[in-house]
Each structure stands twice: as structure tokens, then as C-alpha cells.
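Chemist: Handing you a structure now.
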Amino acid sequence: MTKQSKPLDTGWTLRLTGGDAPAGLPDEAIPARVPGCVHTDLLAAGLIPDPYRDLNELDVAWAGRADWRYDTTVDQVPDGFERTDLVFDGLDTVARVLLDGEELGSTRNMHRSYRFDVTGKARAGSALSVRFTSAYTEAEALKERLGARPNEYPEPFNYVRKMAAAFGWDWGPTLVTAGIWRPARLESWSTARLATVRPLVTVADGDGRIEAHVELERTGQGADRELTLTVETAGRSATLAVPPGTDGAVAVLDVPAPALWWPRGYGDQPLYDCVVVLSDPATGRVLDRWQRRVGFRTVELDDARDEHGTAFTLRVNGQPIFARGVNWIPDDALPARITPERYRHRLRQAADAGVDLVRVWGGGIYEDHAFYDACDELGLMVWQDFLFACAAYPEEQPLRGEVEAEARENVTRLSSHASLVLWNGNNENLWGFRAWGWEPKLAGDSWGEGYYLGLLPRVVAELDPTRPYQAGSPWSGSWDHHPNDPAHGPSHFWEAWNRRDYTDYLNDVPRFAAEFGWQAPPAYATLREWLGDDPLTPGSPGMLHHQKAEDGNGKLDRGLAHHFDVPRDFDRWHFLTQVNQARAVATGIAHWRSHWPVCGGTVVWQLNDCWPVTSWAAIDGAARPKPLYHELRRLYADRLLTFQNRDGARVLAVDNQSPEPWRGGAVVRRLRADGTSLAEERVPFEVPPRSVALLPLTAEVAEIKDARAEVLVADADGLRDVVLGGPDKAFAYPEAELDLRLDASGGRLDVVITARAFVRDLLLQADRLGPAAVADRGLVTLLPGESVTIGVTGLDAVGADAHADAVRSALFCVNTCVSAAEGVARP
């Protein structure tokens, strides 16, 4: 008989079994949801406040230090099978599994699946129990036994194989979860089953090949049976006889001239159903079946030495790619709540912003297949970290065994996904060892080097030789160079945010900028939904609690001070910090993009948030885009026009990452803020595909004579760049005179804005019009006489006149926020 699977997703209850619970928590069990976690069950029962609201995170901290028990009753076990297994796709984290009081086994790794043989034990009415010990208990016991290791955060996450960010990060809450966080089921089978299927997909000379590496598990009766393995895709199939007693096989299928999978912007994303069938030729019965989609493409990492240092450029199907990337963190601090629809929506947002690479950061999780499925379809390359971040990780047992088992399972599990292009050993740990003072503190103790330079590359080479492995990010390729040397491999740029100004980005030309970013608060509506502060200020209790970075508000204010005077109220502070975030990221991306192909890509920290918080994200914890998101749409478009500097002279960078030549002419003007033209030139250009041209400019146009009153403007094919001669606080901004016209139809409000003066970084904060309202563009700069139409959706179906006052109140621009315009009425 074909293997049968019965979900175990109903009838579960949760009960506290140890720890200091608050008064009033009932002794009896409460309903539980599987998949889920303790926090979501307590929330559903009304026993804890929402930890995302106000300071409630502190009030639920006890739950992470408590012990818990999940119970259900098995209602049915299929008859007629030789074997029945109890399967958990994920247990978070330290648990014992019992059936009718008999312990089946224990777990200590959130990132693995577990299987227990319950043949002859499980029956209708059997009591199934999963008893969780606090992850703190496990981690602190191992820390006591193995000794302290350096850690950039105070919690002991480096001693337990659990999502590190659950212990808190500089953008996330401390919510140490426990629970059955991925599906549970009973699997019944006979003769043999497909234990693992690992399809290695290659392309050579235009033809594709699938090598389906299969591991089998047999029953006693199936041990001496010959079996048949069939792999099918693209209308073709290959069959292999598996001899008796054999538990592994490789079925090879050649596919002539398959359509190639490409990253978005480089071609299509054809995906082929790949089916692996295990059958018993003696009976003709299908025993087990595996199916996923695959894509045919080649992936290489160019890390050759050259005159600039050590390259770091991805090549897909032989095509060098400037990676337009974002860093991804878990989309919810309670990851069991993330649905396939939520994954797809967030990744669709990334693709719509021009992103073509998503780095899954090492302090999170190996995401669900739904994440990688969406990336396969959307053409989003995935850089996958192994799960190590910002700490020294002991290499002693039991951790070493868990790390290897976890790596082997997840390399195998994810191998089918065409979008996965790179395995990365860790986040910042090689850097931390050499530059953060870890080395003397460790005094010879293990810290993870054996994982990143030994175990993990060995596992990848064995199980997935079709993809490159990088030991860490940052990492210069060897200890001969500083781990974060911009000339060698991927680099992280955090000095600008932490201690300097974003103009510091201009001092380096990295081979690959894998992390950089700037903070800003979430959308105004998000703050109002989740914080009860009255008044709402940068330093009000809720705002401070939802700012997790060390001296985060101080860094925000010092970052503003380079460019603006101190904002005089919260609304201006909120707006200007969001402007500063967008400008900071724009400065880095535009500069580094202009240095292609020396610089092989940029990966912004970060795309998303896991709760409502002031952070580096482009999309806040309530899924609302910040101005940075819209700025990414400009910066990651195929074509970009920006002013840059080379050898002390201003030039125009015409950046063409499209597949077609870009022919045209740029009009470059030096203007006064009142629109008076002081100098102008037309600069013709012809830029080949995937190339950058640097166009010299005449001094008459390029050199600003009066930094308080002049601007430079470049226009070409609807693209524009605008620069001032100095900081905004020194510029003599005119009054922001704006004419508005509102047109409402078909559930959309069009706001037509005409400037009668130079208006810098105009923004309509649509969420101030209604919590579901979304604008179709972000910051825009207008010259005198120019107009822009901003479309708003998600509003109540009312006439345009009803929105007029609200729209005017929701409009912000730099003109009204600088000292030269103090006292000028808001537009």
C-alpha cells in the first residue's frame, strides 16, 4: 500500500508544568493549536496581553522560562501497514515525546525534524504528550558545563539550537518560544519509504540533468525486496532497480535543452515538476512518492583574485549579476504564525521593489518551503545563511552533533529550489573573533571556526556540490586579510550608522556590500496601533521600548544633526528620520552600483520587521512600506541616473542593468531654488547592457557657486537626480507653495500636487488618511511649476472633498522642517 499520512493538528491542549507563572493563570489545560507555540495559545486564551503592544513584552517574559506540556489523543491509526511513525517537522526546542506514558525520545534542536517508530504502540485512544523544558534551562546548563563564550547580546542563544533572535536582537523582542511549531502527523507505510530525496540539478552544453539521490528506509519484511525507483520531469522518466538490502540509490535523468531558470530581470523562471516514485515490482504497488518543482540553471561564485583584491560576484547561467539584495529576518517573532500567503506577499513586495536577491540571515530560521517556492516563482535568488550569528559557538558535544545533523537535513531539504544560489557559514562570527575582542577572551576555547571552515563546507561539498559555499559574511577568504576588508569578499558597513554619517559609504568600493543600513521609525499608523503613549514622542515609554538598538535614538539624532537642525515636534522628527533613512541607503547603493563590476552587489539591511519597532527595515512590522521601500524601487530599477564623484570631479553615472542598450541624452542643469537656470548642458550617452557609463560634466554646470541657493538636476528618460551644495540645514529653502487637486474614482484617490517653488522630498503619509491607505510612491522632489500625481488606495469610498483637509495634513516636505523655513505653515 502507498504510504498514508494523517495530520495531528486537532485536539491538542497546553498546560504549565514548571516555572513562575503570574497569579491567576489557571491550573487546567487550555486549547492549543498545532502548528503553534505557547505564546500564541496563551494569547488565544486571553491569558497574556499581546507582547507587541506597549511594554507587554516584559509582562510575558515568564513564559519563556517556564516548562510546558502539549497533549492530545490519537483518534485513529490506519490498519494494514507494517510500520507507523510519529513525525514532527519541528519541535521548539527542548522536549520529551511520550506515548501512553512511554518516552519515545527527546529533542534539543528547533531546526530539525523528528521521527519515532510507534508501530504496535499507537492505537486509537493513545495519549500523546510533548513536554517542553525551557530553552533557557538547556542553554544555561550547557554554558555552565562548557564555559562562557563571547556574545554580542546578553542571552545564551549560542548554547542551544534555536532561533537566536527569539532571545532578543537590536530590532526584535525577547520572546523565547516553545511548542510544536511545524506540522505533526502519523505516517503509515509498508516495505520501504523514501527517507530523503536530494535532486542535484545541473546544466552542461545546454542540456539538463537531474541526479536524484535517494535514501530509503525499509521494514523488516522489505529488507530483501528488489525495489524500483523512477524519476520523472519534463515528460521524460528514468527507472532504476534498487537491489535487495540497498538503502541508497541515485537515479539519473537527462533532459535535453530545458528552458533555463533566471533571476528576475534576466529571463523567465520556468519550473518543472520533479516526481520520484518508489514502487514494489513484485506487486506493482507504489510505496511512496515525492514531488517538488525544480529549475535548470548553473550557479557560480566568482571569487578570483584581481587588481582590486578578491572578487565576489554571482554568475547564473554564466551571466555575471549585480545583486540587488535585501536581508531577510523572520517575518514574525512568533514564526509559527507565518503563512504561505504572508511569505508570498512580503516577497512580492521585494520583487516589486526591484530586488533580485534575498539573504536569509543567520539568526533566524531555515524558512518553510513556501518561502523558497515563492522565490523560485518570483526569480528571487536566495543567499542562505547557516544559523550562526554574532556569537562564539561551542564545538563540543552535544552541540556539534546537532549542528551536523541540522546542516545535513536542511541542505537536503532545500536542494530542489532553483532560487537557492549560495550557502553562507555564519553572520559576523569570523569578524567578531578577529576584531571584537573575542580571541583573547576565548583563550583557546572552541568558537565555531571548525564549523565554518571545516564541517559546513564538507557537508555542502558532499550533499550539494551544485552551489557555492562562503565561510561567512563578512569574510575575506582567508586569515591573510582582515575578515571585513572591503577589497576582499563580502563586507558589512556599520561604522556609518554607529559612529559617523552615511556619507562615509563614499569612502569605500567594496567587492560586495552584504550589510549596511539606517534606522527609521515605522509608519505613523503603526505606532498609533501598537503604542498607547500620550503624547507620542521619540522618548515616550512605548517608543523607547520599541527601540532595541543600543543608543538607537541617539544614533538617529546624531545622524539627523549632520543634515538638519533639531526637529521641533514629533511629526517632523518622524518624517525627517524616515527621509534620512532613505537618503542613507540611496547614498550607498548609488555609489556602489556606479562601481560595477568591481562591486558585485548590495544587500540592504533589512527588508522586513518581525514586530512594530524602530529599525532598519524598509517594510515595517505592520507590513506598511516606509519611504525607503519606495526609494529602493528607484535604486534597484534596471536604469539609474545619479551624480557621483571621481578623482575630485563630479560626473554623471548612467547605470544600465537592463538587457538592452540605453541610448539617449541627459539634461544637466544648475538652478537657483526659484527655478532660474544658471547653466545647462545635454550629455549624450550610449550604455551597453549590464554596464555603467561615467559621463564628465563641464565645470560651469557641475560646480555649485552658491551652496545656500543652488541645486544640480539631471534628467534622462523620466529619471532624475537632485543634489544640493551642502547640508539641508544650510540651504535657503523657499516656502513650500503647493496647489492640490483631488480626484476620487473606483476606490482610488489621486492627489495631484503642483509646486510653485522648489520642494524637496515631498511625502504623502497615506496611513494618516486611514490605517489601510497606501500611496503608490514615496519621496519626490519638484521644481517650480512641476506636478506629481500620487495614487492612494485603501480609503473608505467617499468623495474627494472629504479628504482635502486630511491630505493637506498628511503632506510633509523638507522645506517646512529646516531652520530657514521655521514658522512657515505646513503645506
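Chemist: Scan 626, 555 and give me the residue that is crowded, with 22+ Cβ neighbours inside 10 Å and of a type in the set (Lys, Arg).
Modeler: Step by step, each of 626, 555 is checked, and only 626 is crowded, with 22+ Cβ neighbours inside 10 Å and of a type in the set (Lys, Arg).
Chemist: Might you check whether a residue that is within 28 Å of the chain's Cα centre (by Cα), in a strand (DSSP E or B) and not β-branched (Val, Ile, Thr) occurs anywhere in segment 8-16?
Modeler: No: segment 8-16 contains no residue that is within 28 Å of the chain's Cα centre (by Cα), in a strand (DSSP E or B) and not β-branched (Val, Ile, Thr).
Chemist: Next up: Considering only residues that are part of a strand (DSSP E or B) and within 22 Å of residue 163 (Cα to Cα), which ones fall in segment 368-383?
Modeler: 382, 383
Chemist: Okay, moving on. Criterion first (in contact (Cβ under 8 Å) with a residue 40 or more places away in the chain, open to solvent by less than 40 Å² (accessible area, probe 1.4 Å), in a strand (DSSP E or B) and polar (S, T, N, Q)) does residue 72 satisfy it?
Modeler: Yes: the conditions hold for residue 72.
Chemist: Among the residues of segment 728-764 satisfying the criterion of being open to solvent by 20 Å² or more (accessible area, probe 1.4 Å) and in a helix (DSSP H, G or I), which is farthest from residue 629 (Cα to Cα)?
Modeler: 730
Chemist: Among the candidates 518, 447, 479, single out the residue that is farther than 26 Å from residue 608 by Cβ and open to solvent by less than 20 Å² (accessible area, probe 1.4 Å).
Modeler: Residue meeting the stated conditions: 447.
Chemist: Follow-up. Just to verify a result, which residue in segment 765-797, among those that are open to solvent by less than 30 Å² (accessible area, probe 1.4 Å) and of a type in the set (Val, Ile, Thr), is nearest to residue 674 (Cα to Cα)?
Modeler: 781
Chemist: So, in segment 651-664, how many residues would count as being part of a loop (DSSP other than H, G, I, E, B), in contact (Cβ under 8 Å) with a residue 40 or more places away in the chain and open to solvent by 20 Å² or more (accessible area, probe 1.4 Å)?
Modeler: Matching residues across segment 651-664 total 1.
Chemist: Does residue 379 meet the test of being open to solvent by less than 10 Å² (accessible area, probe 1.4 Å) and at positive phi?
Modeler: So residue 379 passes the test.
Chemist: A follow-up question, please. Under 8 Å between Cβ atoms, which residue pairs at least 6 apart in sequence (or on different chains) link something in segment 381-404 that is farther than 29 Å from residue 323 by Cβ with a partner that is at pLDDT below 95 and not in a helix (DSSP H, G or I)?
Modeler: none
Chemist: Do we have residue 325 as buried (at least 22 other Cβ atoms within 10 Å of the Cβ) and either more than 18 Å from residue 269 (Cβ to Cβ) or not aliphatic (A, V, I, L, M) (or both) here?
Modeler: Considered against the rule, which asks whether it is buried (at least 22 other Cβ atoms within 10 Å of the Cβ) and either more than 18 Å from residue 269 (Cβ to Cβ) or not aliphatic (A, V, I, L, M) (or both), residue 325 comes out as yes.
Chemist: Kindly indicate whether any position in segment 44-61 is buried (at least 19 other Cβ atoms within 10 Å of the Cβ) and closer than 17 Å to residue 162 by Cβ.
Modeler: Scanning segment 44-61 turns up no residue that is buried (at least 19 other Cβ atoms within 10 Å of the Cβ) and closer than 17 Å to residue 162 by Cβ.
Chemist: Pairs only if they're at least six apart or on different chains, beta carbon under 7 angstrom, first in segment 725-753 and on the phi > 0 side of the Ramachandran plot, second assigned to a strand (DSSP E or B); list them, first residue then second.
Modeler: Listed by first residue and then by second, the contacts come to 747/793.
Chemist: With respect to residue 177, is the statement that it is touching a residue at least 12 places away in the same chain (Cβ under 8 Å), assigned to a strand (DSSP E or B), open to solvent by less than 30 Å² (accessible area, probe 1.4 Å) and polar (S, T, N, Q) true?
Modeler: The answer is no for residue 177.
Chemist: Moving on. Given the condition open to solvent by 60 Å² or more (accessible area, probe 1.4 Å), within 21 Å of residue 382 (Cβ to Cβ), out of contact with any strand residue (DSSP E or B) (no Cβ under 6 Å at 6 or more places or on another chain) and not aromatic (Phe, Trp, Tyr), answer yes or no: does some residue in segment 260-267 qualify?
Modeler: So far as segment 260-267 goes, yes, one or more of its residues are open to solvent by 60 Å² or more (accessible area, probe 1.4 Å), within 21 Å of residue 382 (Cβ to Cβ), out of contact with any strand residue (DSSP E or B) (no Cβ under 6 Å at 6 or more places or on another chain) and not aromatic (Phe, Trp, Tyr).
Chemist: Right, here's the next one. Within segment 424-442, which residues are open to solvent by 30 Å² or more (accessible area, probe 1.4 Å) and in contact with a helix residue (DSSP H, G or I) (Cβ under 7 Å, 6 or more places away or on another chain)?
Modeler: Correct list: 439 only.
Chemist: As an exercise: evaluate residue 648 against (1) touching a residue at least 12 places away in the same chain (Cβ under 8 Å); (2) open to solvent by 20 Å² or more (accessible area, probe 1.4 Å); (3) out of contact with any helix residue (DSSP H, G or I) (no Cβ under 6 Å at 6 or more places or on another chain) and give the number of the one condition it does not meet.
Modeler: Answer for residue 648: the failing condition is (1).
Chemist: Here is a further query. Take the residues of segment 665-689 that are in contact with a Pro (Cβ under 7 Å, 6 or more places away or on another chain) and not in a loop (DSSP other than H, G, I, E, B): which is nearest to residue 815 (Cα to Cα)?
Modeler: Among them, the one singled out is 665.
Chemist: Next question. Scan segment 482-510 for residues that are open to solvent by 10 Å² or more (accessible area, probe 1.4 Å) and assigned to a loop (DSSP other than H, G, I, E, B) and jot them down.
Modeler: 482, 484, 485, 486, 487, 494, 500, 501, 508, 509, listed by residue number.
Chemist: Moving to a separate point now. Name the single residue that is farthest from residue 36 (Cα to Cα) among those in segment 343-359 being surrounded by fewer than 24 Cβ atoms within 10 Å (Cβ to Cβ) and not basic (Lys, Arg).
Modeler: My answer is 354.
Chemist: Can you name every residue in segment 446-483 that is farther than 22 Å from residue 421 by Cα and touching a strand residue (DSSP E or B) at 6+ places or on another chain (Cβ under 6 Å)?
Modeler: 481
Okay, residues lined up against (1) closer than 16 Å to residue 393 by Cβ; (2) surrounded by fewer than 20 Cβ atoms within 10 Å (Cβ to Cβ); (3) touching a helix residue (DSSP H, G or I) at 6+ places or on another chain (Cβ under 8 Å):
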| residue | (1), (2), (3) |
| --- | --- |
| 134 | no, no, yes |
| 145 | yes, yes, no |
| 151 | yes, no, yes |
| 167 | yes, no, yes |
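Chemist: Name every residue in segment 695-720 that is open to solvent by less than 50 Å² (accessible area, probe 1.4 Å), within 15 Å of residue 673 (Cα to Cα) and either of a type in the set (Asp, Glu) or free of Cβ contacts under 8 Å to residues at least 12 places away in the same chain (or both), in order of residue number.
Modeler: The answer is 710, and nothing else.
Chemist: Something else: Out of 340, 320, report the one residue that is over 16 Å from residue 599 (Cα atoms) and open to solvent by 10 Å² or more (accessible area, probe 1.4 Å).
Modeler: None of the others qualify; the one that does is 340.
Chemist: So, in segment 75-113, of the ones that are charged (D, E, K, R), closer than 29 Å to residue 384 by Cα and outside any loop (DSSP other than H, G, I, E, B), which residue ends up least open to solvent (accessible area, probe 1.4 Å)?
Modeler: Per the criteria, the residue is 92.
Chemist: Looking at 421, 460, which is the one that is in a strand (DSSP E or B), open to solvent by less than 10 Å² (accessible area, probe 1.4 Å) and over 25 Å from residue 153 (Cα atoms)?
Modeler: 421
Chemist: How many residues does segment 293-335 hold that are over 23 Å from residue 387 (Cβ atoms), β-branched (Val, Ile, Thr) and outside any strand (DSSP E or B)?
Modeler: 1
Chemist: Looking at (1) open to solvent by 10 Å² or more (accessible area, probe 1.4 Å); (2) closer than 24 Å to residue 331 by Cα; (3) touching a Ser or Thr at 6+ places or on another chain (Cβ under 9 Å); (4) of a type in the set (A, V, I, L, M, F, W, C), find the lone condition where residue 543 falls short.
Modeler: Of (1) open to solvent by 10 Å² or more (accessible area, probe 1.4 Å); (2) closer than 24 Å to residue 331 by Cα; (3) touching a Ser or Thr at 6+ places or on another chain (Cβ under 9 Å); (4) of a type in the set (A, V, I, L, M, F, W, C), only one is false for residue 543: (1).
The values are calculated or read from the model by the stated rules, or taken from the named source; none is laboratory data. Every value quoted in this text rests on a predicted model; they were computed, and no experiment measured them. Every residue, glycine among them, receives a Cβ derived from its backbone with ideal geometry; neighbour counts consider all protein chains shown. Areas reflect the complete protein model, heavy atoms only, side chains present, ligands, DNA and RNA absent. Shrake-Rupley method; radii C 1.70, N 1.55, O 1.52, S 1.80 Å.
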